[in-house]
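See structure below.
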Amino acid sequence: MENYKELVVWNRGMELACAAYEVALKLPRHETYALSDQIRRSAISIPSNIAEGYGRNSTRDYVRFLSIARGSRYELETQLLLCVKLGYVDEKGIASAVQLGTEVGKMLNVMISKLSE
């Protein structure tokens, strides 16, 4: 591949970030600089780290950045589940983001495994 933008995992990560932003917009105003901000940061981190790792000069660095993206994916899922527990959104409100996160996580796992062989 000539460009990280051709990676399916990067594109799905971008969709995940957009879905997470939609959830963040539903949160109460008092969460603007707390949970909402953290959701946006972790969501942005996923495709950003995929892209940054792609641009590195070594497979080892790429795997490290894919691992960071995977960690951010778990962080984001935790924050979305917290939104439900706090009563800010219902499970339907986070379903799309959680589903995309699961898909991205599986792709990241495969990539990390293949590149680590």
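Observations, loosely collected:
- Among the DSSP helices (H) of the chain, those spanning at least 20 angstrom by Cα along their long axis with an average Kyte-Doolittle hydropathy of 0.5 or more are 8-25; this is a geometric and hydropathy rule only.
- Estimated [θ] at 222 nm from DSSP helical runs (n ≥ 4, -39500 (n - 2.57)) normalised by residues in the chain, nearest 500: -27500 deg cm²/dmol
- Restricting the stretch 1-51 to trypsin sites (Lys or Arg not before Pro) that sit in a DSSP loop and have at most 15 other Cβ atoms within 10 Å of their own Cβ leaves 26.
- From the alpha carbon centroid of the stretch 59-117 to that of the stretch 1-27 is 11 Å.
- Hull shadow area, averaged, the chain [alpha-carbon convex hull, nm²]: 6.8 nm²
FYI, it's all coordinate maths here, none of it is from the lab. Quantities reported herein were computed from a predicted structural model and do not represent experimental measurements. Every residue, glycine as well, gets a Cβ built from its backbone with ideal geometry; the counts of neighbours run over all protein chains shown.
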